[in-house]
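What follows is one structure encoded as structure tokens, with my remarks underneath.
The values are calculated or read from the model by the stated rules, or taken from the named source; none is laboratory data. On a predicted model such as this, the values are computed, not experimentally measured, just so you know. Methodologically, a virtual Cβ is constructed for each residue, glycine included, from the backbone with ideal geometry; neighbour enumeration extends over all protein chains shown. Each accessible area value is taken on the protein alone, full model and side chains, heavy atoms only, with ligands, DNA and RNA left out. Shrake-Rupley method; radii C 1.70, N 1.55, O 1.52, S 1.80 Å.
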Amino acid sequence: MTLAVDRPDAKKRAPRPGPIRRFKDSYRRYWYAYAMITPVVVVLGVLVLYPLARGFYLTLTDANSLNSARTIGVNEIEATYKFIGLDNYADILWGPSSYDRFWSHFVWTVAWTAICVALHYCIGLGLALLLNEKLRGRTFYRLLLILPWAVPTFVTVFAWRIMLADSGIINVALGSLHLPQPSWLEDPTFQRIAAILVNTWCGVPFMMISLLGGLQSIDGSLYEAAEMDGATSWQRFRHITLPGLRPVSSTVVLLGIIWTFNQFAIIFLLFGNTAPDAQILVTWAYRLGFGQQPRDFAQSAAYGVLLLSILTVFTSFYYRWLKRNEQLAV
């Protein structure tokens, strides 16, 4: 004969309260925290969420400067644009001129981001390794190398425009060495090289300072133990420095990718609305919305939504890849 035993774990659990009840309980316990974050939520909603929602709505219309609401003198003209659904996205991604308007700029944007971030990291790591050594005047070198990041971007770019001009100091120096003097601001190939050069100059200091902080957080006894075991400089760098920098590197590389992918100021200040082959997606979106007539607000907003989607998907896969590598390392 089998007897049923009433065990504590066999009892039915109480049903989980609904979301409204949970919110009320949470508010009753943490009302002060909600009161503190409410102003931040309101500001973010006004400055971020509303423009984002408004921009997404415009992507579903044919809005431009001719059919949008506007005021001319004392006359107020109402908006006449129409809802067209996903036609803007379809036209951008696989329309008749999709390659010239989107895909060519997308390929260049990806190449520009990869090259610039690779240069930022490699040069920044090299400088950080040098500044981490005991050098005479190390503080002075740190201040000197941080200047490109401290100077306002428009000042830096305008200085580079002067140096890259046909009669600028760079071409003068190349001419004195009997080397070719390229048209940095006119030739499409050299326009891209000039953009990478200026962006590298502006981005290396941030990477250098971040990696220098990571180097100083590595326990020095690890290097001493490895040196006593006969490890070479390359082995110490590979098995101690790089693993020790992994948390910092993963963060600064992601920030560098996002910053470079959306780097509007350098491209725009260096070339303006010219140099179509050197325009990245964000500057091309600006050109569609504000640099031509009629101004195509719907297409420009659609580019913005696509940029946000690309970066969101990339960031998601990037964190998954980092998490998987950390699990494999353990």
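In this structure, is ALA231 farther than 26 Å from ASP187 by Cβ, exposed (fewer than 15 other Cβ atoms within 10 Å of the Cβ) and without any contact (Cβ under 8 Å) to a residue 24 or more places away in the chain? No, not satisfied. In segment 25-75, the residue that is nearest to PHE290 (Cα to Cα) out of those that are in a loop (DSSP other than H, G, I, E, B) and open to solvent by 80 Å² or more (accessible area, probe 1.4 Å) is LEU66. Among the residues of segment 290-303, the ones that are of a type in the set (Gly, Ala, Ser) and either modelled with pLDDT under 90 or surrounded by fewer than 19 Cβ atoms within 10 Å (Cβ to Cβ) (or both) come to 1 in all.
The number of residues in segment 175-186 being under 25 Å from THR274 (Cα atoms) and either open to solvent by less than 50 Å² (accessible area, probe 1.4 Å) or part of a helix (DSSP H, G or I) (or both) comes to 4.
Please verify whether ARG192 is within 17 Å of HIS120 (Cβ to Cβ) and among the charged types (D, E, K, R), treating the condition exactly as stated. Taking the combined requirement at face value, the residue satisfies it.
Within this structure, GLY244 fails the test of being open to solvent by less than 20 Å² (accessible area, probe 1.4 Å) and of a type outside the set (A, V, I, L, M, F, W, C).
List the number of the failed condition for PRO17; all other conditions in (1) at pLDDT 75 or above; (2) surrounded by 10 or more Cβ atoms within 10 Å (Cβ to Cβ); (3) over 30 Å from ASP296 (Cβ atoms); (4) not aromatic (Phe, Trp, Tyr) hold. In the conditions (1) at pLDDT 75 or above; (2) surrounded by 10 or more Cβ atoms within 10 Å (Cβ to Cβ); (3) over 30 Å from ASP296 (Cβ atoms); (4) not aromatic (Phe, Trp, Tyr), PRO17 misses (1) alone. Inspection of segment 187-195 finds no residue satisfying the criterion of being open to solvent by 80 Å² or more (accessible area, probe 1.4 Å) and acidic (Asp, Glu).
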